[in-house]
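Data block below; observations after.
The values are calculated or read from the model by the stated rules, or taken from the named source; none is laboratory data. Note that the structure is predicted; figures quoted are calculated from it, not measured. Note that each Cβ is placed from the backbone with ideal geometry, even for glycine, and that neighbours are counted across all protein chains shown. What goes into the accessible areas is simple: the full protein's heavy atoms, side chains included, and nothing from ligands, DNA or RNA. Shrake-Rupley method; radii C 1.70, N 1.55, O 1.52, S 1.80 Å.
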Amino acid sequence: MVDIAIGYDNDIDAVIAVLRDEAAAFSTEEAWAWKFDSVPDVLGVESLGDNGVSIRVLLRTKAGMQNEVAREY
């Protein structure tokens, strides 16, 4: 799981659309595709904080690949 914090002044729907597009493109890149177990999923708003909104992205990977994939994403 990757949580991405954005400010309240951002358009949440637009940010989610960008995250979906980027996750789909990332998971099909030749260098990274083999590390995924399934298609990434942007789950949406995870929490509301003092300074912004946290959006959660689920990147299902093969064992031991989760940290590397999360950092790259």
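The table that follows gives values for the structure above.
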read-out	value
Test for D9: is it over 21 Å from R71 (Cβ atoms), out of contact with any helix residue (DSSP H, G or I) (no Cβ under 9 Å at 6 or more places or on another chain) and at pLDDT 95 or above	yes
Residue check for E72: of a type in the set (D, E, K, R) and open to solvent by 90 Å² or more (accessible area, probe 1.4 Å)	yes
Test: G64 is among the small types (G, A, S) and open to solvent by 40 Å² or more (accessible area, probe 1.4 Å)	yes
Any chance D9 is open to solvent by 100 Å² or more (accessible area, probe 1.4 Å), in a loop (DSSP other than H, G, I, E, B) and of a type outside the set (V, I, T)	yes
Residues within region 56-73 that are in contact with a strand residue (DSSP E or B) (Cβ under 7 Å, 6 or more places away or on another chain) and assigned to a helix (DSSP H, G or I), tallied	2
Residue in region 19-53 that is farthest from G64 (Cα to Cα), counting only those that are aliphatic (A, V, I, L, M) and surrounded by 12 or more Cβ atoms within 10 Å (Cβ to Cβ)	V53
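Yes/no per residue for (1) closer than 15 Å to E72 by Cβ; (2) among the charged types (D, E, K, R); (3) not in a helix (DSSP H, G or I):
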| position | (1), (2), (3) |
| --- | --- |
| A14 | no, no, no |
| A17 | no, no, no |
| E22 | yes, yes, no |
| W32 | yes, no, no |
| S47 | no, no, yes |
| S54 | no, no, yes |
